[in-house]
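Chemist: I'd like to ask some things about the structure below.
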Amino acid sequence: MTSVQRKSIGRWSLPVVAAACLGVIVLSNREGLAASPAGAASRVVDAEGRFLDADPMRGRLIVIHHDCGGCHGGDGNPASEGFLQGLRDTTQQFNIGPFITRPRNLTPDNLTGTGRFTERQIFNALRFGLRPGETPDVDITSHTPGEGNFPANPKYLAVPMPWIAFRYMADQELQDIAAYLKRALKPVSNKVPDSDGPPDFWASAYTAEKIGTYPLAAFPTANEKVPQ
């Protein structure tokens with residue numbers, strides 16, 4: 001998300017933002033969802049909790065292409081000051097209705113960043129929208145709370161983290177992102193205040209018709225056509 005988009009988000013209505021970022025919770029509560037895309041890498045971890053198939057350098061490119069630094073600091077330049085170090089001043093925060101959300105420190109600092117989380121916990125945050133600090137380090141095989149290691153009382157990431165879109169990425173891509181954040185960034189101490197919330201209660205207002213299903217609707221939809 002760019003700085004222009006970040007400034008604009010404060011003018012959005014709360015339901016619109018929450019629908020875009022949290023609606024999948026409705027799906028999670030109503031139905032089991034399909035497994036990861038065919039050909040996705042296996043989620044095997046070593047004794048240190050690192051994905052065996054992950055490539056941090058591929059993850060670096062994905063992080064840059066998806067502009068994670070646009071919210072978490074440094075924009076698309078990994079050499080810039082504050083890259084992925086989280087909120088440092090109020091220009092980086094999001095004002096959504098009565099709530100304020102603050103981009104977290106993604107560097108592997110043990111106290112203030114992702115250092116205390118495993119790669120699998122980061123993966124689960126990106127795939128399922130689950131807060132890594134409040135979700136066990138387990139392989140989740142279902143999208144239904146209480147089934148397949150999915151927490152019975154899940155705690156979700158605050159908006160506007162775009163995990164709604166990230167959930168469509170292949171296992172391999174999400175593992176690569178987790179590996180980059182954990183293995184290829186220098187840890188930086190930057191304590192970011194918690195976001196307002198929790199936002200979990202917003203989910204009940206949204207349906208699959210508003211935010212789309214997981215996996216993606218079959219091609220072609222009513223808005224698409226077979227290329228000639």
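The values are calculated or read from the model by the stated rules, or taken from the named source; none is laboratory data. Values in this document were obtained by computation on a predicted structure and should not be read as measured data. Cβ sites come from the backbone with ideal geometry, for glycine too, and all protein chains shown count toward neighbours. Protein only, heavy atoms only, side chains kept; ligands, DNA and RNA dropped before computing areas. Shrake-Rupley method; radii C 1.70, N 1.55, O 1.52, S 1.80 Å.
Chemist: Answer yes or no as to whether Glu134 is open to solvent by 30 Å² or more (accessible area, probe 1.4 Å), within 16 Å of the chain's Cα centre (by Cα) and not hydroxyl-bearing (Ser, Thr, Tyr).
Modeler: Yes; evaluated as a whole, the condition is true for this residue.
Chemist: For the subset of the stretch 81-124 comprising residues that are of a type in the set (S, T, N, Q) and assigned to a loop (DSSP other than H, G, I, E, B), which member is nearest to Asp139 (Cα to Cα)?
Modeler: Residues of the stretch 81-124 of a type in the set (S, T, N, Q): 85, 90-93, 95, 101, 105, 107, 110, 112, 114, 118, 121, 124.
When the remaining residues are screened for being assigned to a loop (DSSP other than H, G, I, E, B), the result is 85, 93, 105, 107, 110, 112, 114, 118.
On the way: Gln85: 27, Gln93: 32, Asn105: 24, Thr107: 23, Asn110: 22, Thr112: 24, Thr114: 18, Thr118: 11 Å.
Per the criteria, the residue is Thr118.
Chemist: Something else about it: Quick check on His65: is it within 14 Å of Tyr180 (Cβ to Cβ), buried (at least 22 other Cβ atoms within 10 Å of the Cβ) and free of Cβ contacts under 8 Å to residues at least 40 places away in the same chain? Spell out how you get there, then give the answer.
Modeler: Numbers: within 14 Å of Tyr180 (Cβ to Cβ): yes; buried (at least 22 other Cβ atoms within 10 Å of the Cβ): no; free of Cβ contacts under 8 Å to residues at least 40 places away in the same chain: yes.
Against the criterion (within 14 Å of Tyr180 (Cβ to Cβ), buried (at least 22 other Cβ atoms within 10 Å of the Cβ) and free of Cβ contacts under 8 Å to residues at least 40 places away in the same chain), His65 does not qualify.
Chemist: In the stretch 96-108, which residues are open to solvent by 10 Å² or more (accessible area, probe 1.4 Å) and under 18 Å from Arg50 (Cα atoms)?
Modeler: Listed by number, the residues that qualify are Leu106, Pro108.
Chemist: Another question, if that's okay. Go over the candidates Asn153, Asn105, Asn124 one by one and state the one that is within 10 Å of the chain's Cα centre (by Cα) and of a type outside the set (Ser, Thr, Tyr). Before you say what the answer is, go through the steps one by one.
Modeler: On the way: Asn153 fails: within 10 Å of the chain's Cα centre (by Cα); Asn105 fails: within 10 Å of the chain's Cα centre (by Cα).
The unique qualifying residue is Asn124.
Chemist: Out of all the residues in the stretch 109-121, which are open to solvent by less than 20 Å² (accessible area, probe 1.4 Å) and within 19 Å of Ala47 (Cβ to Cβ)?
Modeler: First, pick out the residues of the stretch 109-121 that are open to solvent by less than 20 Å² (accessible area, probe 1.4 Å): 113-115, 119.
Hits for the stretch 109-121 are Gly115, Glu119.
Chemist: Next question. Taking the stretch 137-170, which residues are of a type in the set (Gly, Ala, Ser) and buried (at least 22 other Cβ atoms within 10 Å of the Cβ)? Full working, then the answer.
Modeler: Step one: list which residues in the stretch 137-170 are of a type in the set (Gly, Ala, Ser), which gives 142, 146, 148, 152, 158, 165, 170.
Passing the criteria: only Ala158.
Chemist: Which condition from (1) within 21 Å of Tyr156 (Cα to Cα); (2) surrounded by fewer than 17 Cβ atoms within 10 Å (Cβ to Cβ); (3) modelled with pLDDT of 95 or more is the one that Asn124 breaks?
Modeler: The single condition Asn124 does not satisfy is (2).
Chemist: Then there's this: Test Pro132 against the stated conditions and say whether it is within 24 Å of Pro56 (Cα to Cα) and out of contact with any Lys or Arg (no Cβ under 7 Å at 6 or more places or on another chain). Can you show your working first?
Modeler: Numbers: within 24 Å of Pro56 (Cα to Cα): yes; out of contact with any Lys or Arg (no Cβ under 7 Å at 6 or more places or on another chain): yes.
So Pro132 fits the description; yes.
Chemist: Just to be sure, is Gln93 free of Cβ contacts under 8 Å to residues at least 12 places away in the same chain, surrounded by 17 or more Cβ atoms within 10 Å (Cβ to Cβ) and more than 11 Å from the chain's Cα centre (by Cα)?
Modeler: Values: free of Cβ contacts under 8 Å to residues at least 12 places away in the same chain: yes; surrounded by 17 or more Cβ atoms within 10 Å (Cβ to Cβ): yes; more than 11 Å from the chain's Cα centre (by Cα): yes.
Answer is yes for this residue.
Chemist: Moving on. Do you know which residues across the stretch 150-170 are of a type in the set (A, V, I, L, M), assigned to a loop (DSSP other than H, G, I, E, B) and in contact (Cβ under 8 Å) with a residue 24 or more places away in the chain? If you could, list the steps in order and put the result at the bottom.
Modeler: From the stretch 150-170, those of a type in the set (A, V, I, L, M) are 152, 157-159, 161, 164-165, 169-170; that's our starting set.
Then drop every residue that is not assigned to a loop (DSSP other than H, G, I, E, B), which leaves 152, 157-159, 161, 169-170.
Across the stretch 150-170, the qualifying residues are Leu157, Ala158, Val159, Met161, Met169, Ala170.
Chemist: To continue, here is another question. Do we find a residue being within 25 Å of Gln92 (Cβ to Cβ), modelled with pLDDT under 95, touching a strand residue (DSSP E or B) at 6+ places or on another chain (Cβ under 7 Å) and open to solvent by less than 20 Å² (accessible area, probe 1.4 Å) anywhere in the stretch 188-203?
Modeler: Yes: one or more hits.
Chemist: Look through the stretch 171-197, keep the residues that are in contact with a Phe, Trp or Tyr (Cβ under 7 Å, 6 or more places away or on another chain) and in a helix (DSSP H, G or I), and return whichever of them is nearest to Ile122 (Cα to Cα).
Modeler: First, the residues of the stretch 171-197 that are in contact with a Phe, Trp or Tyr (Cβ under 7 Å, 6 or more places away or on another chain): 174-175, 178-179, 196-197.
From what is left, the residues that are in a helix (DSSP H, G or I) are 174-175, 178-179.
Details: Leu174: 9, Gln175: 8, Ala178: 6, Ala179: 9 Å.
Only one residue tops the list, namely Ala178.
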